[in-house]
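S.K.: My structure is below; once you've seen it, I'll send some questions.
The values are calculated or read from the model by the stated rules, or taken from the named source; none is laboratory data. Quantities reported herein were computed from a predicted structural model and do not represent experimental measurements. Reconstructed Cβ throughout: ideal geometry from the backbone, glycine too, with neighbour counts over all protein chains shown.
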Amino acid sequence: MTLVMGLDPGSRVTGYGIIEETVNGPILVACGCIRTDADAFASRLKQIFDEVQQISRHYRPDEVAIEQVFMSRNVDSALKLGHARGAAMCAALTVGLEIHEYAAREIKLALVGKGNADKLQVQHMVRCLLRYPDKLPVDASDALGVAFCHIHHRQTRSRLLKAGVRLP
């Protein structure tokens, strides 16, 4: 059984989700949002760092998956997102976790079957895979989607290695 934490970083809201991968299927362990309350950007980054580190220490995931930065039209937003992502990654690294990175398109493809799926489709698939009846916060479901993408990639890689396929 493996615990995988997914992170969907943002400078105002960072989603997190932890899934336990079992032989009977995935189990939701925890999910939520880190909502930064400070006006100063550096203080928001510290809050993201502190809370990701605290969540990591509390739940002790085996692996962490995080969404890569995508380039948007607004360069300032992309830079802030990169800083938030860096704070979350450093927090995970300080507690000894290995980090796996996935592009948004790759996550949507693994979860929904198409790389241009919208947030509601991702949220719906996450709920279906977890057999979770209630609505999830969008940022938390995005983070759970990152975790599912990592689980899917790890399972596929394992099957290929067992079949004798050489991987880079």
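S.K.: Which condition from (1) surrounded by 14 or more Cβ atoms within 10 Å (Cβ to Cβ); (2) farther than 23 Å from residue 20 by Cβ is the one that residue 120 breaks?
M.R.: Only one criterion in (1) surrounded by 14 or more Cβ atoms within 10 Å (Cβ to Cβ); (2) farther than 23 Å from residue 20 by Cβ is unmet by residue 120, namely (1).
S.K.: Further question: Given the options 87, 143, 104, name the one that is of a type in the set (A, V, I, L, M, F, W, C), surrounded by 14 or more Cβ atoms within 10 Å (Cβ to Cβ), in contact with a Leu (Cβ under 7 Å, 6 or more places away or on another chain) and more than 18 Å from residue 31 (Cβ to Cβ).
M.R.: Answer to the selection: 87.
S.K.: I'd like the full set of residues that are exposed (fewer than 12 other Cβ atoms within 10 Å of the Cβ) and either in contact with a Lys or Arg (Cβ under 6 Å, 6 or more places away or on another chain) or aliphatic (A, V, I, L, M) (or both), limited to the stretch 149-163.
M.R.: 161, 163
S.K.: Being closer than 12 Å to residue 143 by Cβ, at pLDDT 95 or above and of a type in the set (Gly, Ala, Ser) narrows it down to one residue among 10, 17; which is it?
M.R.: 17
S.K.: Out of (1) more than 16 Å from the chain's Cα centre (by Cα); (2) small (Gly, Ala, Ser); (3) closer than 20 Å to residue 137 by Cα; (4) in a helix (DSSP H, G or I), the odd one out for residue 84 is which?
M.R.: Of (1) more than 16 Å from the chain's Cα centre (by Cα); (2) small (Gly, Ala, Ser); (3) closer than 20 Å to residue 137 by Cα; (4) in a helix (DSSP H, G or I), only one is false for residue 84: (1).
S.K.: Also: Being assigned to a helix (DSSP H, G or I) and under 13 Å from the mean Cα position of the chain (by Cα) is the requirement here; does residue 150 meet it?
M.R.: So residue 150 fits the description; yes.
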